[in-house]
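Before any comments, here is the structure.
The values are calculated or read from the model by the stated rules, or taken from the named source; none is laboratory data. Everything numeric in this text was worked out from a predicted model, so none of it was measured. Here Cβ is always computed from backbone atoms with ideal geometry, including for glycine, and neighbour counts include all displayed protein chains. Accessible surface is based on the protein model in full, side chains and every heavy atom, while ligands, DNA and RNA are left aside. Shrake-Rupley method; radii C 1.70, N 1.55, O 1.52, S 1.80 Å.
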Amino acid sequence: MKVNGNNDSVRTRWYAPILGVLLVSAAGSVAAETAWPGFRGPSHDGSVGSQLFEGDSRALAIGWKVALGSGYSALAVGEGRVYAMFADGDSDYLGAFDSESGDELWRYRIAETYAGHDGSHDGPISTPVIADGRIYGLGPYGHLFAVDAEGKEAWATHLVDDHKATKPHYGFTSSPVFADGMLAVQIGGGEGRSIAGFKAENGELVWTLGDDAINYHSPVLATLGGEKQVISAGRNTVLGIEPTTGKVLWSYDHEGDESAMGGETIVPIPAGDDRLLLLNKFESSVMLKVGKKADAYEISELWSSDTIKRTYVQPVIHDGYIYGMTGRIFTCVDAATGERKWRSREPGDGFPTLVGNHIVMMTKPGTLHVIEASPEAYKEVAQIELFDEHSWSEVAFADGHLFARSMGHLARIDPAQAEDGGSAAASWIASTGFGAFLAGLDGAEDRKAAVDAFMAEQKSFPIIEPSAGAVHFVYRGEASDVGIVGDMIGFRREDPMTHVPGTDLFYYSTQLEPDAAVSYGFLPDYGEPIPDPLNDRANGGLFGEVSWFSMPAWQSGDFFGEASAKGRLETVEWESKIIEGPRSVQVYLPAGYDADEDRRYPVAYIHGGKEALEQGSAQAALDNLIGESVAPLIAVFVLPAEGEEGRRGPGPEYGEIVAKELVPMIDEKFRTLDDRMSRASVGTGGAAGTALMVAFGNTDLFGKVASQSATLMTPDRVAGMLKPADELAMVIYQEWGTYHLRSPHEAWDMADGNRKLWSILRDHGYRPTGGEVPEGFGWAFWKARTDELLTNLFPNQG
């Protein structure tokens, strides 16, 4: 670790010889009555000292809720107004809303809407800040601006056009910090321009400094060593900066990594007693002590721990304990040692705000929870179903109210008295046979024996009740907690399983289509996913080596057994001139290929051929299907070149290799039908997108294409290659699963990308076959549809 104290390295632009006087006369502060002035609240640590509840009230009620456009930007609240940045589909705005009624008072147009991409939603990410009667903000394209209390622009500048900054992939996200008449913004402008100081009065650039990489970082204001300073952390270095002059007071090389949930998204967390918490690595975080002796700063590492990690979420700190997310698990950690005190799957992944001695958690699915800030155990005291859409922003607290926003709404939440009355409506589980078993346990003298007897009656696991469409996943074992992952839940989400008191039984119930098939795994005691010990059907993939199951109406395919006539595989190798290296394929020749030397065959080029052979049992399927539902054909299984295996896909030159080297070589070596309607480009999973690109990029060679579960964020690249069907005939098989790769807490769903491509193909006049099936992601499901895929491409006409 490298420590520098009193580093005066700073690039300063002196706009007037009396700058110091101007700064003093212009210096102000966030108005005292502004209860939540901007990102991370008045103390820049996500906390406020006021108590949420008065007296015995321990409930929440919605004061008002109004429509709001999409955005990640958190809220600023002051002087009876709530300020939010959002997108309406055409433009990004800063809006002002009355805190009493939720009425929109005005909106200021920032720029055209920053469209979500690669898994993100539309709209701004940076949070505005209120100070000295103005509101300051930063739009995702780089528009830095100030408006007055009525929404009139005071000044604006552009980080890219005016200050040579580079827009990060997801846009500018840094939330401006106001201090002593200055705005500090991490602009990421390259050498000497990681962070900049602008005059809040007129937007003039005063200073820039720092060489560290800046992407999705935000500075904070803190007092360390008795000195107020802007704390700026980049990927590798954290700095303490005097706000008005940009003088570097100290610097420390924290050695962050390049992960999105680590070094690329650090927001320093003031931890009290001259300490800073940095979530600087994917697998760990670090607590620093920033002390000062005489005129020199001394920075030391107090601890590094893996108890807070793998998260975008900034934690909060109360009475010496840290409360934050570790992955998707809410965790309490001793701030003095980094040791974990407790962890809980409830309330789910979300964003904490500390209000007095309570943590208010806004979860990504849209529920709001109030939790005691106690190191003893997780204890929830109130919750409310707030939004139906995602929320990715911390809650603000002002004037006794909570304010929250989602991707579609803005709301005020008020403390309330808990209502007396009956329990909530019985769960749908109660009406199932499994629910009757659970109810019967209440009167059982020996719960263990009752569970043993029930489990012994089951023919398979998970427990399926077809008439109700119900599936009950069960786990037995000594564990304090068990979670579940699965295709039916989605990526980056772990749901808690319910523990049956007095037993070692945990369960999770859901409802699925009668012909569904999905993967799932269990997570005992917060560990990694494991297969279901009661289910021997294994499937690898997104969740690791886990289990899979199918509903009764799902058809598995019966074409993988011993065939009466078998084809053979031949390995063909060549030196590619395009990539200047060796390449190889395995060529399947059908039974009877050698018996009739005059016969020629259509060819299916299977991208991702290694997986298709090893995991998809493609050779056995061909042996059984050819001559039955599928016409005799040659299949070319393209093997990965050195360095390709394990990547997201082959390089950009892959299509050229197929078109200019592979197809001519196969046509020369084997008896093929040399016309485009006798060639198909086929891919599954990660290779499906490759199959589409190769086919539509080389329509002179390929007249047929098959795609299974293409990993498409958007279909734009494929769509841009399409010609109308009346100009170019194509046979297209496109199939995907409802439970394809998707993140329910983020803005990406590969199934949706496939649905859009299907619609685009039909709009171009094509009539693809296949379609959507209620299945997950993995070879256990894909291989079962090999017959449908091949029959659509090369049906047996005999």
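Between E457 and E562, full extension at 0.36 nm per residue minus the direct alpha carbon distance yields a gain of 34.4 nm. Spacing of the modelled spin labels on K228 and D295, each 7 Å from Cα toward Cβ, amounts to 2.3 nm. Rounded to the nearest 20 debye, the dipole size of the chain about its Cα centre is 1060 debye, using +1 on the Cβ of Lys and Arg and -1 on the Cβ of Asp and Glu. Note on V66/E258: beta-carbon distance plugged into 1/(1 + (r/R0)^6) with R0 of 30 Å gives a FRET efficiency of 0.15.
Compute the separation of the alpha-carbon centres of the stretch 273-344 and the stretch 364-407 and state it in Å as a whole number. Cα centres, the stretch 273-344 to the stretch 364-407: 22 Å.
Annotation: lysines with alpha-carbon distance below 16 angstrom to K704 (same-chain offsets under eight excluded): K723.
Using a 1.4 Å probe on the protein chains only, how many percent of the accessible area of the chain belongs to carbon and sulfur? Carbon-and-sulfur percentage of accessible area, whole number: 46.
Cα gyration tensor of the stretch 551-669, axes a ≥ b ≥ c as square roots of the eigenvalues: rounded (a/c below 1.5), prolate (a/b > b/c) or oblate?
Working: a/c = 2.50, a/b = 1.33, b/c = 1.87.
Oblate, because a/c is 1.5 or more while a/b does not exceed b/c.
The lysines whose alpha-carbon is closer than 17 Å to the alpha-carbon of K783, local same-chain residues fewer than 8 away aside, are K610. The stretch 104-162 and the stretch 738-781 have Cα centres spaced 35 Å apart.
Taking every pair of alpha-carbon atoms in the stretch 226-310, give the share separated by more than 22 Å as a whole percent.
Numbers: 771 of 3570 pairs.
Here the tail beyond 22 Å accounts for 22 percent of pairs.
With contributions of -39500 (n - 2.57) from each DSSP H run of at least four residues, the per-residue ellipticity at 222 nm computed over the chain stands at -3000 deg cm²/dmol. When the Cα positions of G210, S99, S460 are compared along the charge dipole of the chain, G210 comes out farthest toward the positive end, with charges on each C-beta of Lys, Arg, Asp and Glu.
From the Cα gyration tensor of the stretch 569-621, with a ≥ b ≥ c the square roots of its eigenvalues, which class applies: rounded if a/c is under 1.5, or else prolate if a/b is larger than b/c, or else oblate? Working shown, then result.
On the way: a/c = 2.58, a/b = 1.33, b/c = 1.94.
Oblate shape, in that a/c is at least 1.5 and b/c is the bigger or equal ratio.
Summarising the overall dimensions of the stretch 131-221 from its C-alpha atoms, the Rg and Dmax are 12.2, 38 angstrom.
Suppose we look only past 24 Å in the calculated P(r) of the stretch 234-373. What percent of the Cα-Cα pairs does that tail hold? Display every interim value, and only then the final one.
On the way: 3054 of 9730 pairs.
It works out to 31 percent of all Cα pairs.
For F702, the shell of other residues with beta-carbons less than 10 Å away shows a net charge of +2, using +1 for Lys and Arg and -1 for Asp and Glu. Dipole magnitude for the stretch 141-237: computed about the Cα centre from +1 point charges on Lys and Arg Cβ and -1 point charges on Asp and Glu Cβ, it is near 280 debye. If I take every Cα pair under 8 Å that is 6 or more residues apart in the chain, average their sequence separation and divide by the length, what percent do I get for the relative contact order? Result for the chain is 9 percent.
Ranked from highest to lowest mean number of other Cβ atoms within 10 Å per residue, what is the order of the peptides 284-290, 704-710?
Details: 284-290: 22.0, 704-710: 27.1.
My ranking of the peptides, most packed first, is 704-710, 284-290.
Placing a label point 7 Å from the Cα of E727 along the Cα-to-Cβ direction, the residues of the stretch 661-683 whose backbone N falls under 20 Å of that point are 676-677.
Placing unit charges on the Cβ atoms only, positive for Lys and Arg and negative for Asp and Glu, gives the stretch 26-126 a dipole magnitude near 180 debye about its Cα centre. Diffusion of the stretch 371-463 by Stokes-Einstein, at 25 °C in a medium of 0.890 mPa s and with Rh set to the Kirkwood radius over alpha-carbon pairs, works out to 135 µm²/s. Let me check I've understood the local charge: for G502, count other residues with C-beta under 12 angstrom from its C-beta, Lys and Arg +1, Asp and Glu -1. What total comes out? Around G502, the surrounding residues sum to -2. Of the peptides 370-376, 669-675, the ranking by mean beta-carbon count within 10 Å, highest at the top, reads 370-376, 669-675. Based on Cα contacts under 8 Å between residues 6+ apart, the stretch 151-211 shows a relative contact order of 25 percent.
Among bridges DSSP assigns within the stretch 633-749, what percent are antiparallel (round to 5)?
Values: 2 of 12 bridges.
Rounded to the nearest five, the antiparallel share is 15 percent.
Straight Cα distances below 20 angstrom link K65 to the aspartates and glutamates E79, D88, D98, E100, D103, E104, E385, D388, E389, E394, D399, D414, with same-chain residues fewer than 8 positions distant left out. Comparing L589, V663, P650 along the charge dipole axis of the stretch 575-694, the residue lying farthest to the positive side is P650, per the Cβ-charge model.
For P365, what is the net charge nearby, where nearby means another residue's Cβ is under 10 Å from its Cβ and Lys, Arg count +1, Asp, Glu -1? Please report the intermediate quantities before stating the final value.
Working: positive: K364, R493; negative: D349, E385, D388, E389.
Result for the neighbourhood of P365: -2.
Using the 1.4 Å probe convention, the accessible area of the chain works out to 40 Å² per residue with neighbouring protein chains retained.
Can you flag which of K289/K309; K164/K199; K164/K289; K228/K341 are past 23 Å Cα-Cα? Walk me through the numbers on the way to the answer.
Values: K289/K309 20 Å; K164/K199 18 Å; K164/K289 34 Å; K228/K341 32 Å.
Check vs 23 Å cut-off fails for K164/K289; K228/K341.
Between E653 and A154, the FRET efficiency estimated from the beta carbon spacing at R0 = 41 angstrom works out to 0.20. Comparing W574, F53, H472 along the charge dipole axis of the chain, the residue lying farthest to the positive side is W574, per the Cβ-charge model.
Using only alpha carbons, the stretch 32-100 has a radius of gyration to Kirkwood radius ratio (Rg to Rh) of 1.01.
Protection proxy ranking, highest mean first, for peptides 630-641, 164-175, 502-513: 630-641, 164-175, 502-513, where packing is the per-residue count of other beta-carbon atoms within 10 Å, averaged.
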